[in-house]
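Bear in mind that the values in this text are calculations on the coordinates, not laboratory data. All values derive from a computational prediction rather than experimental measurement. Counting neighbours? That spans all protein chains shown, and the Cβs are built from the backbone with ideal geometry, glycine included.
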Amino acid sequence: MEAKLQELKARLGEIHDLNKAVALLGWDQQTYMPRGGAPARAEQLATLQKTAHNWFIADEIGALIETLDGSESEWDYDSDEASLVRVIARDYAKARKIPGELVAEFARVTTLAYEAWTKARRQSDFSIFQPHLEKIVELNVRLAETLGYEDRIYDPLLDQFEPEMKTSQVEAIFDDLKAELLPLVRTISKQTDAVDDSVLRRPYDGEKQWSFGLEVIKDFGFDLTRGRQDESVHPFTTSFSISDVRLTTRVDPNYLPTALFGTLHECGHGLYEQGINLGLERTFLDDGVSLGIHESQSRLWENLVGRSREFWSCYFSRLQTFFPHQLAEVDAESFYRAINRVEPSFIRVEADEVTYNLHIMLRFELENEMLEGKLRIADLPEAWNAKMETYLGIVPPDHAKGVLQDVHWSNGMLGYFPTYALGNLISVQLFDRIQADIPSLRDQIATGTFDELLSWLRENVHHHGRKYIPDELVRRVTGNSLTATNYIAYIRAKYSEIYEL
Ligand code: ZN
């Protein structure tokens with residue numbers, strides 16, 4: 001049995017190498033590649049992805065899984081061995097359904113679509129991106145049909161990012177959230193002036209912003225000997241191994257939160273990747289459980305730590321040493337209020353904690369309509385603007401600030417957006433648990449001490465890699481399934497205080 005397991009691991013290791021080469025080419029495309037490199041890069045990615053896919057769906061791997069599957073009972077459910085067989089069997093069954101041609105087609109179409117999207121966004125012209133998006137929706141419909149579904153066409157697409165989560169569950173959770181958030185946003189919108197955030201909109205030297213962000217993430221525990229940070233149009237985190245984790249961020253010299261919270265956010269993803277058990281390296285288990293769980297890590301550091309009063313009671317004076325003039329007349333409390341100002345705005349990634357999830361619901365609903373053939377792609381910008389008005393009471397002045405703002409669709413990913421909102425909910429569920437386990441947590445944050453928090457996350461979340469499905473992990477750690485209850489209580493408490501509601 002041991003020999004069979006070693007053979008499986010050896011095969012998976014080689015496929016893993018190809019996948020990491022894909023990740024590296026993708027990272028390069030979004031950071032340093034000159035625009036002229038796009039067509040060749042499309043072919044390179046298509047070839048590598050198709051090869052990795054074909055190696056993975058080989059009959060030999062199926063035979064190894066079958067042999068090992070029967071002997072799973074010899075191993076503990078939580079052991080690396082049983083987990084590997086369990087997870088790979090699920091991946092394999094899914095991947096076998098997808099022809100290599102479809103994988104290559106996705107790679108080709110999306111590489112060109114990404115280039116078209118950057119141009120469309122630059123010129124705020126949806127028509128440049130429209131034909132590409134039409135192809136992408138078509139490919140996703142084909143993918144959903146190939147994978148199969150019982151209830152909703154969205155289910156198999158969502159399942160790629162959030163295993164076992166159903167569209168109807170997401171709708172139920174979103175309904176709970178919406179019932180709380182819509183009236184809250186309306187109430188706060190009437191008194192946005194109660195919080196002044198002009199301090200954030202001053203010239204801030206980009207290099208100093210970069211340096212401050214790096215200082216904070218080093219304090220959080222991000223290991224720069226096993227990772228680095230670069231600039232990209234759309235911030236993201238990727239890894240080429242557990243000991244080579246890449247963060248990207250962007251800097252706005254006239255708006256402090258972009259780089260600051262972008263950096264803390266991506267660092268949360270990076271800490272997750274760096275914290276995976278090294279024994280899982282090169283096994284397919286050396287990854288996050290799901291995008292929702294991944295996002296819970298980024299949101300926890302960005303929001304529950306980085307937007308807390310305790311954090312700024314410690315870090316505001318340090319920020320002042322970087323920007324003595326800009327922050328001369330400001331104190332920690334007014335800075336805390338400024339970074340937590342609630343105001344309906346156009347750009348999702350810069351939305352506050354209260355309005356953020358409404359941006360997600362809008363995308364989730366539009367994706368469902370596009371996939372179900374209820375919404376023509378040509379009508380998407382109009383539908384986008386109509387929903388913005390309904391949920392946030394504002395209409396984007398142009399498509400760059402509207403339907404063209406996100407990179408995801410150009411990357412071929414539909415079914416991805418809900419994971420952001422799920423991550424927000426999970427971040428609070430986890431944080432509530434952590435506070436129960438570490439009663440002095442807030443005091444520790446107020447002194448810039450994060451070791452115990454990081455250790456808790458390492459032990460309970462990071463270490464396991466991809467061993468569990470999201471619901472399994474959330475239940476193991478918090479004792480409950482995913483729910484909006486904790487998030488709603490958190491938002492209500494925090495923002496009633498800030499806005500004196
Ligand atoms: Zn994220």
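Calculate the dipole size of the chain relative to its Cα centre from +1 charges on Lys and Arg beta carbons and -1 charges on Asp and Glu beta carbons; express the result in debye to the nearest 20.
Numbers: 53 positive and 80 negative charges, 208 e Å.
Charge dipole of the chain: 1000 debye, to the nearest 20.
Tell me what the chain gives for mean residue ellipticity at 222 nm when only DSSP H runs of n ≥ 4 count, each as -39,500 (n - 2.57), the sum divided by the residue total, rounded to 500 deg cm²/dmol.
Numbers: 20 runs with 309 residues, N = 501.
Taking each H run of at least 4 residues, the total per residue is -20500 deg cm²/dmol.
What is the packing order of peptides 125-132, 355-362, 202-209, 247-254, taking the mean over residues of other C-beta atoms within 10 Å and listing the highest first?
Details: 125-132: 17.5, 355-362: 22.4, 202-209: 15.8, 247-254: 19.1.
Packing order, densest peptide first, comes out as 355-362, 247-254, 125-132, 202-209.
Please name whichever of LEU422, VAL185, PRO439 sits farthest to the positive end of the charge dipole of region 167-499, dipole taken about the Cα centre and charges placed at Cβ: Lys and Arg +1, Asp and Glu -1.
Positive-most Cα among the choices belongs to PRO439.
Using the per-residue mean of other Cβ atoms lying within 10 Å as a proxy for protection, in what order, highest first, do the peptides 434-443, 233-242 fall? Please report the intermediate quantities before stating the final value.
Values: 434-443: 13.3, 233-242: 19.7.
Top of the packing list down: 233-242, 434-443.
What percent antiparallel are the DSSP beta bridges of the chain, to the nearest 5? Walk me through the numbers before you get to the answer.
Details: 4 of 9 bridges.
Antiparallel bridges: around 45 percent, rounded to the nearest 5.
What would the Debye equation give as log₁₀ I(q)/I(0) for region 6-79 at q = 0.22 Å⁻¹, counting only Cα atoms as equal point scatterers?
-0.96
If I model a spin label as a point 7 Å beyond the Cα along the Cα-Cβ vector, how far apart are those points for GLU472 and THR47 in nm?
3.8
Starting from the Cα-Cα distance between GLU382 and ARG202, subtract it from 0.36 nm times their residue separation and give me the gain in nm to one decimal.
Working: separation 180, 0.36 × 180 = 64.80 nm, distance 3.35 nm.
Full extension of this stretch gives 61.5 nm more.
Using only C-alpha positions, report the orientation-averaged shadow area of the convex hull of the chain, nm², one decimal.
Details: hull surface 89.4 nm².
Computed as one quarter of the Cα hull surface, the answer is 22.4 nm².
Placing unit charges on C-beta atoms (Lys and Arg positive, Asp and Glu negative, everything else neutral), compute the dipole magnitude of region 2-148 about its Cα centre in debye, rounded to 20. Walk me through the numbers before you get to the answer.
Numbers: 18 positive and 24 negative charges, 211 e Å.
Once rounded to the nearest 20, the dipole reads 1020 debye.
Given a Förster distance of 56 Å, report the FRET efficiency between THR449 and HIS408 from their Cβ-Cβ distance, rounded to the nearest 0.05. Present the calculation step by step, with values, prior to reporting the outcome.
Working: r = 36 Å, r/R0 = 0.64.
E(calc), rounded to 0.05, equals 0.95.
Report the charge-dipole magnitude of region 241-287 in Debye, nearest 20, computed about the Cα centre from +1 at each Lys and Arg Cβ and -1 at each Asp and Glu Cβ.
Value, rounded to 20: 120 debye.
What residues have an amide H closer than 5 Å to that of ASP230, excluding those fewer than 5 places away on the same chain, when H is modeled at 1.01 Å from N in the peptide plane?
LEU247, THR248, THR249
Can you give the log10 of the normalised intensity I(q)/I(0) at q = 0.10, 0.13 Å⁻¹, computed with Debye over equal Cα scatterers of region 211-365?
After summing over all Cα pairs, the log10 values are -0.38, -0.64.
Evaluate the Debye formula for region 283-390 with equal point scatterers sitting on the alpha carbons, no solvent, and hand back log10 of I(q)/I(0) at q = 0.10, 0.16, 0.20, 0.22 Å⁻¹, in q order, two decimals.
Those come out to -0.49, -0.89, -1.07, -1.16, one per q.
So how do 55-66, 300-311 stack up, highest first, on mean other-Cβ count within 10 Å? Intermediate values should be presented prior to the final figure.
Working: 55-66: 15.8, 300-311: 22.3.
Final packing ranking: 300-311, 55-66.
Got the relative contact order for the chain handy, in percent, Cα pairs under 8 Å and 6 or more residues apart? Mind dumping the intermediate values first?
Numbers: 717 pairs, mean separation 97.7, N = 501.
Value for the chain: 20 percent.
Where does region 2-148 land on the Kirkwood hydrodynamic radius, alpha-carbon pairs, in angstrom? Walk me through the intermediate numbers first.
On the way: mean 1/r = 0.0577 Å⁻¹.
The Cα-based Kirkwood calculation yields 17.3 Å.
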